[in-house]
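Okay, structure first, notes after.
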Amino acid sequence: MTRFSISESAIEIAPLRAALLDARAGAFASFEGWVRDHNDGQPVRGLRYEAYVALAEKEGERILAEALERFAALDARCVHRVGDLAIGEMAVWVGVSAGHRDGAFAACRWIIDEVKARVPIWKHEHYVSGDAGWLHPTPPPPA
Amino acid sequence: MIELTVRYFASLRDAAGIESETWQTHAHGLRALYEELAARHGFVWTPAHLRVAVDGDFAGWDDAPRAGSEVAFIPPVSGG
């Protein structure tokens, strides 16, 4: 079962949502991460995501399988973009179907948090100032 | 002496100036392998900040390097 994927082109929501339709589901929750025009006070012109695809797909699948064990959810999908993205483009989509809304919301929130923490994807921001840089939540120690 | 492939991502790739390389090593563990490559390329990250993967799966820093494997050092991730 492929629930997680890395995409080099714009994320299409309709087929992802359609794959989650289920007669047992009374709830569906989704999350979209968008490229915003600033980060840490710096105006951002656009960004590029890079992934270690083989490992990202495995870790993403593990996260979605874990979510279905932890929460009262029926199924889930997640797609993360790589490549160059403009302001306003969708960087990541998470969708969860569940019997009830609590399971859908909780699983959706947990999945996006785990994806951000565990999946080997890196954001390279291009600033309006002309600078560019890799975003690492833990900065490297001074050389 | 074994030969393996090393892949670099994000700021490690920028520091190394290459995406991957073939490397011959006597290192007994992946930590020692990283130290060799950090000295070669001037990486400032320490293993405490990184994760290591072998052939597309996360591995342990004390694991022994395997001949013919693909080793990747994973800087802190920033997806989402």
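Only the coordinates and a few stated rules stand behind these numbers; no lab work does. Everything numeric in this text was worked out from a predicted model, so none of it was measured. Here the Cβ is made from the backbone with ideal geometry for all residues, glycine too, and neighbour counts use every protein chain on show.
Along the positive direction of the dipole of the range B:2-74 (beta-carbon charges: Lys, Arg +1; Asp, Glu -1; about the Cα centre), which of B:G17, B:A64, B:G29 reaches farthest?
Comparing the listed Cα positions along the dipole, B:G17 ranks first.
May I ask for the distance between the Cα centers of the range A:94-118 and the range B:1-68, given as a whole number of Å?
Measuring centre to centre over Cα atoms gives 34 Å.
Would you mind ranking A:R81, A:R3 so that the residue whose beta carbon has the fewest other beta carbons within 10 Å leads the list? Spell out each step's value before the answer.
Working: A:R81 24, A:R3 21.
Going from least to most buried by this count: A:R3, A:R81.
Using amide H atoms built 1.01 Å from N in the peptide plane, name the residues 5+ places from A:A91, or on other chains, whose amide H lies under 5 Å from its own.
Close amide H contacts, sequence-distant or interchain: A:G33, A:W34, A:V35.
State, as an integer percentage, the relative contact order of the range B:1-77 based on alpha-carbon contacts under 8 Å between residues 6 or more apart. All intermediate terms of the calculation are to be shown ahead of the outcome.
Numbers: 131 pairs, mean separation 31.6, N = 77.
Taking the mean separation of contacting Cα pairs over the length of the range B:1-77, I get 41 percent.
Taking the Cα centre of chain A as origin, work out the dipole magnitude from +1 charges on Lys and Arg Cβ and -1 charges on Asp and Glu Cβ, in debye rounded to 20. Let's see the in-between values first.
Working: 16 positive and 20 negative charges, 52 e Å.
Using only the charged Cβ atoms, the result is roughly 260 debye.
From largest to smallest, what semi-axes in whole angstrom does the protein assembly as shown give when each is the square root of 5 times an eigenvalue of its alpha carbon gyration tensor? Before the final figure, lay out each step's value.
Values: eigenvalues 227, 99, 36 Å².
Each semi-axis is √(5λ); the values are 34, 22, 13 Å.
Nearest-5 percent of antiparallel DSSP beta bridges in the range B:2-74? The partial results should precede the final answer.
Working: 13 of 17 bridges.
Expressed as a percentage, antiparallel bridges in the range B:2-74 total about 75.
So what's the angle, to the nearest 10 degrees on a 0 to 90 scale, between helix B:30-41 and the longest Cα principal axis of chain B?
70 degrees
Can you work out the Karplus-derived ³J(HN,Hα) for every residue in the range B:68-80? Use 6.51 cos²θ - 1.76 cosθ + 1.60 with θ = phi - 60°, whole Hz, and x for glycine or proline.
x, 7, 10, 9, 10, 9, 10, x, x, 7, 8, x, x
For the Cα atoms of chain A, what angle does the longest principal axis make with the long axis of helix A:101-118, in degrees from 0 to 90, nearest 10?
30 degrees
Counting only the backbone N, which residues of the range A:83-107 are under 12 Å from the spot 7 Å out from the Cα of A:W34 toward its beta-carbon?
Output list for this probe position: A:87-91.
Magnitude of the Cβ-charge dipole of the range B:2-74, K/R +1 and D/E -1, about the Cα centre, nearest 20 debye?
Details: 6 positive and 11 negative charges, 31 e Å.
For the range B:2-74, the charge dipole is close to 140 debye.
Please report the base-10 log of the normalised intensity I(q)/I(0) for chain B, using a Debye sum with one equal scatterer per alpha carbon and no solvent, at each q in 0.12, 0.13 (1/Å).
-0.28, -0.33
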